[in-house]
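The values are calculated or read from the model by the stated rules, or taken from the named source; none is laboratory data. All values reported here derive from a predicted model rather than from experimental measurement. Note: ideal-geometry Cβ built from the backbone for every residue, glycine included; neighbour counts use all protein chains shown.
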Amino acid sequence: MSFLPDKNTDYASMAYWNERYGTEESFEWCKSYAGFKDLIRKEVQPTDRILMLGCGNSSLSEDMYRDGFHKITNVDYSTVVVENMKNRSAEARSMQWLVMDIKDLKFESGSFDVVLEKATLDALLVGERDPWRLSENSRILMDEILIQVSNVLSSNGRFISITFAQPHFRKRLYARQHYGWNIGTETFGDGFHFFFYVMTKGERLSEQDAQLQSTWSNHNLESQSTVARLQEDNNDDSYLNSIEM
Ligand SMILES: C[S@@+](CC[C@H](N)C(=O)[O-])C[C@H]1O[C@@H](n2cnc3c(N)ncnc32)[C@H](O)[C@@H]1O
């Protein structure tokens, strides 16, 4: 059965996800845990309290549980997937699964040591025509979510974002002083590369990343994008459209 939506923007619709999860048992966006577990082990301690944003029906949380990370809270706005996941395995039964919109996180400040997302923010950006020039609505939406992510993180907590989005598109969204974190970037995957961003709270943005702030509102973007295009000549710019089954 095909779960390809009629149009790409369906990936930003709760109705699409609920219908898809009515029949789909498991699907892994980007890569499965085995593909990036060394990066996770470097950044996450077994005792860390972990929040998984937009868990979907991925095996990531169960795989991490089996690997010794036991304090995982999973949220997704799809009631269907949260019900399905609660009892999917012994590991799943040992974790928390909550229906929650990541635009409105219902946790106290500092509740988590790690917040993790894999392809969830990508799904919220699918309506964008030009990844070089995100609409004001999307930029504000991302900012609202990231302010909450920063708020639920503990003082030296880490936000890990695993995504299709290349640094010249994604770092502009993450590089803002008011989140109170710095940005580390890793890649993984063979052939097609995925990105593993680690934002560590309590650290300052590098000088170079701090400069990206002036491009957040699309001002001064021309010079940045020209440099990035030259640097990334061989990369595919259409990552948003590459989200498919
Ligand atoms: C592309 S899938 C990624 C699923 C999973 N993280 C993975 O790696 O396979 C996006 C997921 O985010 C969820 N989602 C989208 N917008 C959301 C929101 N505003 N709040 C909570 N979950 C959301 C969808 O229901 C879907 O499960």
In segment 32-49, which residues are touching a residue at least 60 places away in the same chain (Cβ under 8 Å), more than 15 Å from F159 (Cβ to Cβ) and either near the ligand (Cβ under 9 Å from one of its atoms) or buried (at least 17 other Cβ atoms within 10 Å of the Cβ) (or both)?
-> F36
Filter pass, M52 being surrounded by 15 or more Cβ atoms within 10 Å (Cβ to Cβ), within 12 Å of the ligand (Cβ to nearest atom) and at negative phi | yes
Go through L134, L141 for me and flag whichever is part of a loop (DSSP other than H, G, I, E, B) and more than 15 Å from C55 (Cβ to Cβ).
-> L134
Determine if segment 56-64 includes at least one residue that is within 11 Å of the ligand (Cβ to nearest atom), surrounded by 17 or more Cβ atoms within 10 Å (Cβ to Cβ), in contact (Cβ under 8 Å) with a residue 40 or more places away in the chain and of a type in the set (S, T, Y).
-> yes
Check on G110, within 16 Å of the ligand (Cβ to nearest atom), modelled with pLDDT of 95 or more, at positive phi and in a loop (DSSP other than H, G, I, E, B) = no
Failed item in (1) within 16 Å of the chain's Cα centre (by Cα); (2) part of a strand (DSSP E or B); (3) among the polar types (S, T, N, Q), with S155 passing the rest | (1)
Pairs, first farther than 16 Å from L121 by Cβ in segment 5-17, second among the acidic types (D, E), C-beta under 7 Å, six or more apart = Y16/D10
Filter segment 158-178 down to the residues that are assigned to a loop (DSSP other than H, G, I, E, B) and free of Cβ contacts under 8 Å to residues at least 60 places away in the same chain, then identify the one that is surrounded by the fewest Cβ atoms within 10 Å (Cβ to Cβ).
-> R176
Within the set of pairs 6+ apart or on separate chains, which have a first residue in segment 114-128 that is buried (at least 23 other Cβ atoms within 10 Å of the Cβ), a second that is of a type in the set (D, E, K, R) and modelled with pLDDT of 95 or more, and C-beta atoms under 8 Å apart?
-> V114/E43; V114/D48; V114/R49; V114/R158; V115/R158
Collect the residues in segment 68-82 that are within 16 Å of the ligand (Cβ to nearest atom) and part of a loop (DSSP other than H, G, I, E, B), keeping them in residue-number order.
-> F69, Y77, S78
Per the filter on segment 83-107, residues of a type outside the set (V, I, T) and not in a loop (DSSP other than H, G, I, E, B) are E83, N84, M85, K86, A90, E91, A92, R93, Q96, W97, L98
Residue pairs meeting the criteria (Cβ under 6 Å; at least 6 apart or on separate chains; first more than 17 Å from R49 (Cβ to Cβ) and without any contact (Cβ under 8 Å) to a residue 60 or more places away in the chain, in segment 90-101; second within 16 Å of the ligand (Cβ to nearest atom) and among the aliphatic types (A, V, I, L, M)) = A92/M85; V99/V82
